[in-house]
Each structure stands twice: as structure tokens, then as C-alpha cells.
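Novice: My questions will all concern the structure given below.
The values are calculated or read from the model by the stated rules, or taken from the named source; none is laboratory data. Here the structure is a predicted model, which is why all the values come from computation and not from measurement. Cβ coordinates were reconstructed from backbone atoms using ideal geometry, including for glycine residues, and neighbour counts include every protein chain displayed.
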Amino acid sequence: MRKEKFKYNPETLSYDKVEVTWGERLLKISLVVAPAILLAFVMQIAISSLGLFKSSKEAQLERENEFLNSQLTEMNSDLALSLAVLKDIEDRDNNIYRQIFNAEKYPDALREMGTGGSDKYDELMGYQTSEKVIENSKMIDALEKALYAQSKSFDEVIDLAKEKEQMLASIPAIQPVSNQDLTRLSSGFGFRIDPIYKTKKMHTGLDFTADTGTPVYASGNGKVIECEVKKWGYGQSVIIDHGYGYKTRYAHLSEFKCKVGDEVLRGQEIGLVGSTGKSTAPHLHYEVMKNGQKIDPIHFFHSDISPEEYEKLIEMAGNANQSFD
């Protein structure tokens, strides 16, 4: 039963019954309910922003995000390690495997070929983990590119290994004259006094003194590509192409024992020592060329002399001050 209210009337000296309208009742109700609604709204915002209370679905998604972030971080570390290992393999390829076969290193330009522009990662942007995903994607692309290049390089190394026997037989490896008397080396590779002009000049080979008619031997398997005859310079000389970038020259010969086009074997007689061309005494001028560059032949006598004889040969080559040509 609703409680009735009365109000004292001084004019009539009695109590009159107070009648409450519906508007007044609604106003009173609003004054009570409105603050409660406002308070509930504020609390909802605070709870949502602070994350004090989460639904089971939100909590599950958050756990999944944390797991994915940790996996992306771990993947990044694994990719970095893989790239480091592959870089070590590249270094071994260039500085060990290819050196064994006297091969040029695999071209950097082929290792660094691109795999696409930066716009290929645009579709990965706009997410909470975009930065990590893009970084890992770039590392994966770099790894794929490097692996492909390395596989092509190893294909070449395998081919070189298959040709090893032929290559080892072809590369210059013995002295072009008999090793019976090592004192016959008269001039080494480097700057020497020219016997004619008496000035310092680059001597691009080794001079072996020997009697006219002494046999001259091919220092490796190959093909005779030149039997040159000149009144000056090298005089009568033979050039052999051994393949793999190597060529050898045998100069100042008195006689040829081969002709252009002949396939010769290491140790096969190709000519006789003489003193033709620009020569002051009978001797053999011997040169080794690698990819068109003349290099010191003294490093290519490992197959027919002992270590002691080799040391003696190097000493004599360094002490010789004047060439014979």
C-alpha cells in the first residue's frame, strides 16, 4: 500500500492531503535511475579500455597473438642462423673448393640477383605483426635466392671434380728440360738486367741454360696452337694450350718436334734447345700464362722434383740478376 503524505495548511489550521502528479513521479525516478545508468556506462568504458575483464574469446585470441609473436621471433632467429651458415658455405666454396680446381669464384652478380620489388610486401602491411612478418619474408626470399645460386655453383664444382683427372694432367707441373742439373736455371721471373740493352726489364719467364739440341718437354697435356718463327724476340717458339685457362710458351728453340694442331702429353718432346731470336746463349725461355696473364712458372714444378730441389730452384731464381734474352 502506497504511503500517503499530508501538508499543514495554516489558513485552515488543518492538514491537507498532498497529491503527487505523474510528472513529479517520473522526475524523482529519473533522478535515481539516470546516475546509475551513467555510472554503469563509465564503468563499462573503463573496464574495456583497461582490459580488466575479458571474455573467454578475447582471452583466447590474446593468447594466440602472443604465441604467434613468439613464433615469429623464433623464426627470425632461425632464418638469421641459416643465412649465416649459408654465407660460410659460400666462403668455403670460393676460397677452398674452387681453389682446389683453380677455378674463378662464383660471380657475385649471380649471387645477388633480385627476387622482386618492395611492393611485393604491400599486402602484408596493416597488421599488428606486419613488421615481423615482412622482415621474415625478406629473409626467406634472401635465403631462397642464395640457396639457388649456391646450388648452381656446386653444379659447376661437381663438373670440375669430374674433370679433375684430366685437369691435373693438363695443368703445367714439370720442368720443360731434364732435371739432371738444377744449376742450369740462369734467370728467374721478375725484373732482370737485359743482356742486350743492359737496362732493367721485366722478365716474364724462366731461363734454363742447356746445350743446343737438348730435348724440351711439354709440361702438361694440351694442344699445340702455335709454332712461331721470328728473327728476333722469342725466335722459334711453341705455345701449348692446356685448357682451364693455362698456356705455356717454349722459346729460342733450334728445332720443332711438333706442329700446330698436335695433341701432346706431359713429358712429350716438343722441340730442342737453341739460341734463336733475341738470345745471347743456348737456353730455353719458359713461360706460363693463366687467363692471358703471365705468372711465375716456378710454382708449377711440383710433379718432378723433391721439396729440397724446389727450395734450391727458388733460391737460384731469386739470385739470378741477368737474363739470357
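Novice: Which number in (1) in contact with a Ser or Thr (Cβ under 8 Å, 6 or more places away or on another chain); (2) over 30 Å from K247 (Cβ atoms) marks the one condition that Y106 misses?
Specialist: (2) is the only condition that Y106 fails.
Novice: Can you list the strands (runs of 3 or more DSSP E) found entirely within region 151-212 that contain at least 3 residues being more than 30 Å from Y106 (Cα to Cα) and modelled with pLDDT under 80?
Specialist: Details: elements: 185-187, 190-193, 200-203, 206-209.
Counting at least 3 such residues, we get 185-187, 190-193, 200-203.
Novice: Please go through region 82-127 and give me each residue that is under 19 Å from L160 (Cβ atoms), modelled with pLDDT under 75 and assigned to a helix (DSSP H, G or I), ordered by number.
Specialist: I100 - this is the single residue of region 82-127 that is under 19 Å from L160 (Cβ atoms), modelled with pLDDT under 75 and assigned to a helix (DSSP H, G or I).
Novice: Can you report the number of residues in region 272-299 which are within 14 Å of G220 (Cβ to Cβ), surrounded by fewer than 20 Cβ atoms within 10 Å (Cβ to Cβ) and hydroxyl-bearing (S, T, Y)?
Specialist: Matching residues across region 272-299 total 0.
Novice: Inside region 289-306, can you point out the residues that are touching a strand residue (DSSP E or B) at 6+ places or on another chain (Cβ under 9 Å) and in a loop (DSSP other than H, G, I, E, B)?
Specialist: Restricting attention to region 289-306, the residues satisfying the condition of being touching a strand residue (DSSP E or B) at 6+ places or on another chain (Cβ under 9 Å) are 289-292, 294-300.
Result: N291, G292, D296.
Novice: I'd like the full set of residues that are within 40 Å of the chain's Cα centre (by Cα) and within 18 Å of Y234 (Cα to Cα), limited to region 262-301.
Specialist: Within region 262-301, the first condition is being within 40 Å of the chain's Cα centre (by Cα), and the residues that meet it are 262-267, 285-301.
Once the filter is applied, which keeps residues that are within 40 Å of the chain's Cα centre (by Cα) and within 18 Å of Y234 (Cα to Cα), region 262-301 yields H285, Y286, E287, V288, M289, G292, Q293, K294, I295, D296, P297.
Novice: Another question, then. Report yes if G292 is in the same structural domain as T204 (by TED's automatic domain parsing), of a type in the set (G, A, S), modelled with pLDDT of 80 or more and at positive phi, otherwise no.
Specialist: Details: in the same structural domain as T204 (by TED's automatic domain parsing): yes; of a type in the set (G, A, S): yes; modelled with pLDDT of 80 or more: yes; at positive phi: yes.
In short, yes.
Novice: Could I ask something else about it? Can you tell me which residue is farthest from the chain's Cα centre (by Cα) among those in region 81-105 that are closer than 29 Å to E131 by Cα and loosely packed, with under 13 Cβ neighbours inside 10 Å?
Specialist: Filtering region 81-105 for residues that are closer than 29 Å to E131 by Cα and loosely packed, with under 13 Cβ neighbours inside 10 Å, the one farthest from the chain's Cα centre (by Cα) comes out as L81.
Novice: Tell me which residues, restricted to region 153-175, are farther than 14 Å from Y244 by Cβ and exposed (fewer than 13 other Cβ atoms within 10 Å of the Cβ).
Specialist: Across region 153-175, the qualifying residues are D155, I158.
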